[in-house]
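Nothing in this text is a laboratory measurement; each read-out follows from the coordinates by a stated rule. Given the structure is predicted, the values throughout are model-derived calculations rather than measurements. Note: ideal-geometry Cβ built from the backbone for every residue, glycine included; neighbour counts use all protein chains shown.
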Amino acid sequence: MRKFALVVLSVAIIVACSLGDFLVPHSDVVSAAELSAAELSAAELSAAESDVDYDIIYSIPSYNYSKKTVKIKWEAVPEAVSYRLSYKKGDKWESLLEGKKLQKTVSISKYGKMLIYKIEAFDKDKVCIGKSDEIKIVLPAKVAKIYTTSVYDTDVLLNYEASPYATEYKIYIKTGKGKFKYYDRTNTRKMTLPVEPGKSYTFKVVPIYEIDEKVFVGAEKTTTFNNTSVVSLKHQKYSFSRMKKDMNRLKKKYNNYITIEKVGKSEEGRGLYDVILGDKNAKKSLLVVSAIHAREYVTTVTCMKQLEYYLEHYNEKLDGKRLSKVFKECNVHFVMMANPDGVTISQDKKPGWKANSRGVDLNKNFPYRFKVEGKKSGAGYSGKKSASESETQALIALTQKLKDKGPVAVVNYHAMGQIVFGDYKGQNTDMKNKMKSMYDIARYATGYFDAKSYGDGIGRGNYREYLMYVQNIPSITIEVGKTACPVSQKEYKQIFQDNKLVVLRIAKII
Ligand SMILES: [Zn+2]
């Protein structure tokens, strides 16, 4: 790769020489070096300029990028016996070379720093008889850093640091080994480019310099950007902290399409979060609850992936309808981990743990035909009173809040068995119809079994039954996975595939 491209020089029009020359007649010699630029006003300077005729000294600097040196060479002026090369330091000129030589190699300490030189020629009487214009020299620096930010998975925003003296930046996209395609140019330090989900890109930023009407190309800087997904199905233990991290990354990536609200705390103080997909103020809501049972944390990663899948396609049609439209009418509230303490116990110590940290099975703790059952343990204990647990309380409060706003339905994710539960024994015809639709959608999309072979006992303290019979909210339960809980990571991909359209399709019919 070419490390440094071209460079900058400028040659040109004549300006005043060393200023003492204008103040004294040529016969009355005063060394030019004795007087400084500061002693002459601008008016005197321009007046002097038009009066005196000098030879123009042309100079072409040549650069050695790796050594950071520049060789300044100039043409001889007839009758000149000595030359002076000076550089500008602040407002003053400092001499760098005086003598007969017609060249000088100077070193440049820093890339991106502009240095200004001039050359003067003197005759035998030390009178200035020739001069160059200011010679500007820059070793163009590449842009120091490029930042990439995903914009809704469909675009990427490139921000780059300035390359000193660059007037424009050209952006290229890599198309193959060593090949780049020009995309666009801009005089700002940012550019938005379209990208496809799941793909990787390499971009190149090339600063362009325009000095004294000459265009130079600066050194290039490349960066790669992976437009890959946030939620990974690779990890068996999809933990509370991983979930939180992913939630925040999704929020950052799809800022306008999701809202994260804390709706409570677990008994051990972990946050209970409601991730709202779509219009926060939509009249209708679908609530999706996962991992109310600790060892069933496969449901958390399934729903996180589902959420990301919808976000990735937010501005497209999926399953026949534009998602932005679907979720404007009906938003989806995901409670990804309803029992984070229990999940942590299951992942860290006791894999078979179902309850919360106080040994209460949350799905027996709701105020529906509540009865004290079992003992404090990993599974089966109802708690002393209904809604005794902070996790239960948070779900009740959220349910009530959504119900107060408009129509709402609930999908409960559990594991395992590949079964959908959607039976309703009440008298409400609307409920019956809604339940039937939800149940059919879930069964058709997943191909899971029906629940007919299961008994129709009373689900005491059960959330789904609380929803249906106390709150009149339609609700189904989907049990994912074939293997015993905790479900093996080998199934995660298939479970996501089976379920990826379920929430979307149900949101459409609420
Ligand atoms: Zn369960």
Could you line up V106, V372 from fewest to most neighbouring Cβ atoms inside 10 Å?
V372, V106
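Taking the Cα centre of the range 146-226 as origin, sum charge times position over the Cβ atoms of Lys and Arg (+1) and Asp and Glu (-1), and report the length of that vector in debye to the nearest 20.
On the way: 12 positive and 10 negative charges, 77 e Å.
Result for the range 146-226 is approximately 360 debye, rounded to the nearest 20.
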Positive end of the dipole of the chain, charges at C-beta (+1 Lys, Arg; -1 Asp, Glu), about the Cα centre: which of N433, T149, S82 has its Cα farthest in that direction?
N433
For every other residue with a beta carbon closer than 10 angstrom to the beta carbon of G383, add +1 if it is Lys or Arg and -1 if Asp or Glu, then tell me the sum.
+2
Counting other C-beta atoms within 10 Å, which of M336, M243 has the fewest, and how do the rest follow?
M243, M336
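Mind ordering 489-497, 314-322, 281-289 by average Cβ neighbours within 10 Å, highest first?
Packing order, densest peptide first, comes out as 281-289, 489-497, 314-322.
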Computed about the Cα centre, the charge dipole of the chain from +1 Lys/Arg and -1 Asp/Glu charges at the Cβ has a magnitude in debye, to the nearest 20, of 3620 debye
Grab the other residues whose beta carbon is less than 11 angstrom from that of D279, score K and R as +1, D and E as -1, and report the net.
+4
Using the charge dipole of the chain (Lys, Arg: +1 at Cβ; Asp, Glu: -1 at Cβ; taken about the Cα centre), state which of Q418, Y257, C330 has its Cα farthest towards the positive end.
Q418
Approximate spin-label separation E75-E329, in nm, with each point projected 7 Å along Cα-to-Cβ:
7.9 nm
Principal axes of the chain: Cα extent on each, largest first, Å:
121, 43, 41
Under Karplus coefficients 6.51, -1.76 and 1.60, residue-wise ³J(HN,Hα) of the range 191-197 in Hz, glycine/proline x:
7, 9, 10, x, 9, 9, x
Please list log₁₀ I(q)/I(0) at q = 0.11, 0.19, 0.24 Å⁻¹ for the range 289-382, using the Debye equation with identical point scatterers on the alpha-carbon positions.
-0.44, -0.83, -1.08
For the range 386-481, what is the charge dipole size about the Cα centre, in debye to the nearest 20, if Lys and Arg each add +1 at the Cβ and Asp and Glu each add -1 at the Cβ?
240 debye
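Tell me, S62, S107 in order of fewest to most beta-carbon neighbours within 10 Å? Walk me through the intermediate numbers first.
Values: S62 13, S107 9.
Ordered from fewest to most neighbouring Cβ atoms within 10 Å, S62, S107 come out as S107, S62.
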Take the alpha carbon atoms of the range 254-330, find their center, do the same for the range 394-409, and report the distance between the two centers in whole angstrom.
15 Å
On a 31 Å Cα-Cα criterion, which of the cross-link pairs K190/K321; K425/K508; K118/K181; K237/K434 come out too long?
K190/K321; K118/K181; K237/K434
Can you figure out the FRET efficiency of K177 with Q427, using R₀ = 60 Å and their beta-carbon distance, to the nearest 0.05?
0.30
For S82 paired with S241, estimate the spin-label separation in nm (one decimal), with each label point 7 Å from Cα along the Cα-to-Cβ line.
7.4 nm
